[in-house]
1. What does the charge dipole of region 33-340 about its Cα centre add up to, to the nearest 20 debye, if the Cβ of each Lys and Arg holds +1 and the Cβ of each Asp and Glu holds -1?
2. Cross-link candidates for Lys194: which aspartates and glutamates have Cα within less than 14 Å, leaving aside residues fewer than 8 places away along the same chain?
3. Exceeding 24 Å between C-alpha atoms, which entries from my cross-link table qualify? They are Lys319/Lys347; Lys217/Lys320; Lys217/Lys322; Lys52/Lys319.
4. For Tyr213, Tyr302, Tyr207, Tyr247, what ranking results if the residue with the fewest other Cβ atoms within 10 Å of its Cβ goes first?
Amino acid sequence: MPAPERNASAILASHHVGKMSPPNGRSATGAARPICPEREGRMTGQSELAGKTALVTGANRGIGLETARGLAARGAAVVIACRDAARASETVATLRAECPDAEHRAVPLALDDLASVGSCVDALYDSLDGLDILVCNAGVFGIDHGHTAQGFEWHFGANCLGHFALTLDLLPLLARRPGARVVTVTSAMNRRGKLDFDDLDWRRRPYSKWQAYADSKLGNLLLAEELQRRLDGAGIPVLSLLSHPGYAATNSAWGGRSMKPTFAETIMLALGNALMAQSPAMGAAPSILAATDPSASGGELYGPSRLGGMRGPPARADKKLKPDPATALRLWQTAMTLTARNGDFLKPTPM
């Protein structure tokens, strides 16, 4: 398949719509298929996504897996982007068994290596003619001090810069689909974030894994907001939205490259999961709502609606942070330099 046009004006002129999937309940040959069980009640109430393609990073476990299942349940063809090939294959097999109406696939992605981001993007341009939903879900959480392949502190490099580069690179694919949207997963801990532009990689300061994580989640929020401003300025009809899962009982504290908790942290996490946490499926619900809400406006945040945003059904949420476009712009410019992106696709539309 030829690579889609990456020029903004050409894409906006064409408004290309990709091939539609077979009708619900039918295979490509017209044979009857079982209705996906998720559509019968587990994830209901939003618009169907038949004929649309969604990419979810870190969809091999926890909230990412449940996000992929929820989008597939609505008819989307889901691309699983993660570093663990074995788990990715298991997830694809699960999606195909539960929701066989669309084609699901996996693509390798290590967000802590910009070379891997580039390879992932190339593979997607080779295999897709458009992208409707990008969910930037993957991330590391509370890990010991270390640096990515390009020398960035792990939280900032993987959670923030990796997703920033991936999103910019995929904007031409997203712009080919009217109504496309990017959903960036942040955290309530972003309120603790305080970016130190003189030491983003924590090479001079005493390292704090929790502060580093909070900083990366604040970075996600600021970059998502700045992305919407730039999409608006360029006249590109793509929405940049945010979600946070509240307190969800997942294996993020033990899986992949995330934290290796101390005994005390293990006890606290276990108690928190038992007493307060909601399920991974409920943690995924805000991202699914952000990806499907027909009344969504760019820059909005979705999260749990109860217990101070810790749990409950998803809804639009209060960011509880004052808008800071100056810091967002500074971070955007810094991220552009660090990831070697030029942003030409987002140049403002001439008046």
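Read-outs throughout are calculated quantities, based only on the coordinates presented, and are distinct from any laboratory measurement. What you are looking at is a predicted structure, and each value in this text was computed from that prediction instead of being measured. So basically every Cβ, Gly included, is an ideal-geometry build from the backbone, and we count neighbours across all protein chains shown.
1. Working: 33 positive and 31 negative charges, 142 e Å.
My answer is approximately 680 debye.
2. Leaving aside aspartates and glutamates fewer than 8 places away in the same chain, those within reach of Lys194 are Asp215, Asp324.
3. Working: Lys319/Lys347 28 Å; Lys217/Lys320 14 Å; Lys217/Lys322 15 Å; Lys52/Lys319 29 Å.
Among Lys319/Lys347; Lys217/Lys320; Lys217/Lys322; Lys52/Lys319, the Cα-Cα distance tops 24 Å for Lys319/Lys347; Lys52/Lys319.
4. Numbers: Tyr213 26, Tyr302 23, Tyr207 12, Tyr247 20.
Fewest-to-most Cβ neighbours within 10 Å comes out as Tyr207, Tyr247, Tyr302, Tyr213.
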